[in-house]
Amino acid sequence: MFLTFLTSGMPSSVGGPQIGDAAAAAIGSNAFAFLESGLFWGFLGAALCALLAFIGSARGVNIAGEAAAGLVTEDPSMFGKIVIIENLPATQAIYGLLIAFVAVSKLGLFAPELAEVSLLQGALLFLACMPMGIVGLISAIYQGRTAAATISILTKNPNETSKCILITAMVETFAIFALLISFLLVNFIIK
């Protein structure tokens, strides 16, 4: 029914531009023609890459924040040391956003016109974005758990901040590997 509405145009009582002919031409006889668009798959890959990394970072910072809140309640002077450790899982969100920006720029989002992208190129771009998205999701959560564990170290040894940061940052190594792989693949697929 909705497709019939789109292809027949808007009722005159609604006002506004008529979209019937344009929608019919865009949709054609196949309601799922957009799935055959390389641009669709490319933009979907970029969006999922950022979204998964954002979710992982939010959860990782949450896990570390819960541990940090407990220590700051006992010793408010530790806030400056803890806030650095707590925010380390947020870097995966930055990496996911970086890959998403590179991908959508390859698709021509920031250019006057969108790029001509075949279905194969769009599907490959989707796959190229996934290492950063998936590893960003998982590594940020594990980094949050590691940060929470190192915050518990600070309850007994407040002078061990640099060791706690190093231990927490080691988990991020895998996110950096995923960033590198996704960056190289995205740049290889669409030149």
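The values are calculated or read from the model by the stated rules, or taken from the named source; none is laboratory data. The shown structure was predicted, so the numbers you read here are calculated from the model rather than taken from an experiment. Cβ coordinates were reconstructed from backbone atoms using ideal geometry, including for glycine residues, and neighbour counts include every protein chain displayed.
Looking only at residues of the stretch 141-191 that are basic (Lys, Arg) and free of Cβ contacts under 8 Å to residues at least 40 places away in the same chain, we find that the one that is surrounded by the most Cβ atoms within 10 Å (Cβ to Cβ) is LYS163. Considering every residue within the stretch 28-38, establish whether at least one is assigned to a helix (DSSP H, G or I), surrounded by fewer than 21 Cβ atoms within 10 Å (Cβ to Cβ) and in contact (Cβ under 8 Å) with a residue 24 or more places away in the chain. Checking the stretch 28-38: at least one residue is assigned to a helix (DSSP H, G or I), surrounded by fewer than 21 Cβ atoms within 10 Å (Cβ to Cβ) and in contact (Cβ under 8 Å) with a residue 24 or more places away in the chain. For the stretch 93-130, filtering for residues that are within 13 Å of LEU179 (Cβ to Cβ), touching a Gly at 6+ places or on another chain (Cβ under 9 Å) and either surrounded by fewer than 19 Cβ atoms within 10 Å (Cβ to Cβ) or not hydroxyl-bearing (Ser, Thr, Tyr) (or both) leaves 8.
Let's see how each residue does on (1) within 13 Å of GLY56 (Cβ to Cβ); (2) over 19 Å from the mean Cα position of the chain (by Cα); (3) outside the structural domain of VAL171 (by TED's automatic domain parsing); (4) without any contact (Cβ under 8 Å) to a residue 12 or more places away in the chain:
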| residue | (1), (2), (3), (4) |
| --- | --- |
| ILE99 | no, no, no, no |
| LYS106 | no, no, no, no |
| ALA111 | no, yes, no, yes |
| GLN121 | no, yes, no, no |
| LEU124 | no, no, no, no |
| ALA128 | no, no, no, no |
| VAL135 | yes, no, no, no |
| SER139 | yes, no, no, no |
